[in-house]
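Structure first, commentary second.
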């Protein structure tokens, strides 16, 4: 049985970034299927051996010409009759399937990228579903082939993360803030910003764009002033079941008596009140508590239609069975903000 022997000096890799291709002994590019790209470039040498006529016939029928045998007795370098590119394939693939031309595939990707307004630079080395492109802005973008195809067909758009960060930095400067980072809790609508006084806080990007934000340390709005998280029980005396509500307010009593628009027959029992250093802390902490309840105990949430006629809110109302869980959340909040109400 013939053994693999290099007839000329071994081929060299095009570059580390194009490791899915090699340069043949004759100086031509050889496209390598993704399943073989882990093989080093110097294995793709000429293989001494004849090419059976039946293989040549099969190659012609499938749009190729056998350029030579490579690597070992099981592999061929097929030359595409359309674009002239060389692609390595197993003899088994030639016999049982339609070989794919690496050159034609690359041309399709280049055309697809151009239609999407991008320039294909190279495939990603770690994930064959991705490639690196240069955007209209000049930045290098890593995107899936499928996403670029959707962009090319007008179904979506491609966004540059670096350009987005630069826009957000400029937005923050116009409002007297500095963009620090994306929201660490993962909310895509929020960012973390630094105020000139050194305060770093989480702000909705939309609010910052309109200047609807204030520093929780040195500001003069409710966000910088002391606030409270309250937990109350509500009885209505009109057939509506007993409910409990968790909320926050700078003036909890005003909130209960006037803003909730309770019927005159309603009775409010204060279960617990926790003082918070700022309205910003109270708002963020209260929202996190509601999110935890919705995520972990959705059965405690009261449907809106139960209290729509007796409460001027649309959510954040719970069944009395939630009291123990809510008390546990409030214990954790009080441990983080130990200031007591005078």
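The values are calculated or read from the model by the stated rules, or taken from the named source; none is laboratory data. Please read these numbers as outputs of a predicted model, since none were measured by experiment. Reconstructed Cβ throughout: ideal geometry from the backbone, glycine too, with neighbour counts over all protein chains shown.
Observations
- Just one of the numbered conditions (1) in contact (Cβ under 8 Å) with a residue 24 or more places away in the chain; (2) surrounded by fewer than 18 Cβ atoms within 10 Å (Cβ to Cβ) is not true of residue 87: (2).
- The stretch 248-270, residues that are touching a helix residue (DSSP H, G or I) at 6+ places or on another chain (Cβ under 7 Å) and within 24 Å of residue 328 (Cβ to Cβ): 248, 249, 268
- In the stretch 150-186, the residues that are assigned to a helix (DSSP H, G or I), under 21 Å from residue 214 (Cβ atoms) and touching a helix residue (DSSP H, G or I) at 6+ places or on another chain (Cβ under 8 Å): 168, 171, 172
- Checked against the criterion of being under 19 Å from residue 308 (Cβ atoms) and over 42 Å from the mean Cα position of the chain (by Cα), the stretch 247-256 contains not a single residue that satisfies it.
- Taken across the stretch 104-122, residues that are within 23 Å of the chain's Cα centre (by Cα), closer than 19 Å to residue 37 by Cα and not assigned by TED's automatic domain parsing to the domain that holds residue 30 do occur, with at least one present.
- Every pair of residues 6+ apart whose Cβ atoms lie under 7 Å, when the first sits in the stretch 150-162 and is buried (at least 16 other Cβ atoms within 10 Å of the Cβ) while the second is at pLDDT 90 or above and not in a loop (DSSP other than H, G, I, E, B): 152/112; 152/115; 158/141; 158/143; 158/151; 160/141
- Check on residue 114, in a strand (DSSP E or B) and surrounded by fewer than 16 Cβ atoms within 10 Å (Cβ to Cβ): no
- The set of residues from the stretch 163-215 being touching a strand residue (DSSP E or B) at 6+ places or on another chain (Cβ under 9 Å), under 26 Å from residue 137 (Cα atoms) and touching a residue at least 24 places away in the same chain (Cβ under 8 Å) comprises 168, 171, 172, 175, 177, 205, 208.
- Count of residues meeting criterion [at pLDDT below 85 and out of contact with any helix residue (DSSP H, G or I) (no Cβ under 8 Å at 6 or more places or on another chain)] in the stretch 227-247: 4
- Qualifying positions in the stretch 90-103 - farther than 17 Å from residue 37 by Cβ and surrounded by 14 or more Cβ atoms within 10 Å (Cβ to Cβ): 91, 94
- Here residue 138 clears all of (1) outside the structural domain of residue 28 (by TED's automatic domain parsing); (2) in contact (Cβ under 8 Å) with a residue 24 or more places away in the chain; (3) assigned to a loop (DSSP other than H, G, I, E, B) except the condition numbered (2).
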